[in-house]
């Protein structure tokens with residue numbers, strides 16, 4: 001079975017990617033994957049990415065800051081998870097550090113305590129050790145630092 005694929009000129013692909021980046025901030029990796037799906041050759045991919053950076057459609061620092069703000073405020077992710085997710089998107093350490101600096105330390109701790117205190121009463125486990133483990137696992141999965149997690153778990157569950 002023979003399948004035909006739509007082909008794009010560099011200009012058509014650039015226009016399509018400008019819309020793609022305008023809709024939502026993207027990282028370089030997402031843009032590159034999108035261009036590969038469009039079956040663009042490596043030279044065209046490189047040229048399009050350069051054009052997107054030059055006309056400010058593609059800005060990794062802006063992407064990282066927006067990503068951190070969104071995932072922290074909506075999903076209540078901690079810095080460990082945020083760092084891991086940004087590293088998977090091949091964001092540089094400097095940009096990750098800059099993006100994480102956007103989080104106010106007081107808001108960060110307040111969100112952590114609120115999340116832990118909201119989750120603790122919902123655990124139905126009778127054994128206090130198992131309850132502690134479940135709460136700790138929940139908070140660690142969301143990317144909160146282990147020293148914060150274990151201190152909080154020990155104060156909430158006796």
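For the reader, a short list of remarks on this structure follows.
- Residue 158 falls short on exactly one of the conditions (1) closer than 23 Å to residue 28 by Cβ; (2) part of a loop (DSSP other than H, G, I, E, B), and that condition is (1).
- Criterion: loosely packed, with under 13 Cβ neighbours inside 10 Å and either in contact with a helix residue (DSSP H, G or I) (Cβ under 6 Å, 6 or more places away or on another chain) or in the same structural domain as residue 143 (by TED's automatic domain parsing) (or both) - qualifying residue of 37, 90, 54: 90
- Residue in segment 8-23 that is outside the structural domain of residue 119 (by TED's automatic domain parsing), farther than 24 Å from residue 138 by Cα, in a loop (DSSP other than H, G, I, E, B) and out of contact with any strand residue (DSSP E or B) (no Cβ under 8 Å at 6 or more places or on another chain) present: yes
- Residues of segment 2-27 that are more than 15 Å from residue 40 (Cα to Cα) and surrounded by 13 or more Cβ atoms within 10 Å (Cβ to Cβ): 18, 20, 21, 25, 26, 27.
The values are calculated or read from the model by the stated rules, or taken from the named source; none is laboratory data. In this text the structure is predicted, and so the values were computed from the model without any measurement. Neighbour counts run over all protein chains shown; Cβ positions are idealised from the backbone, glycine included.
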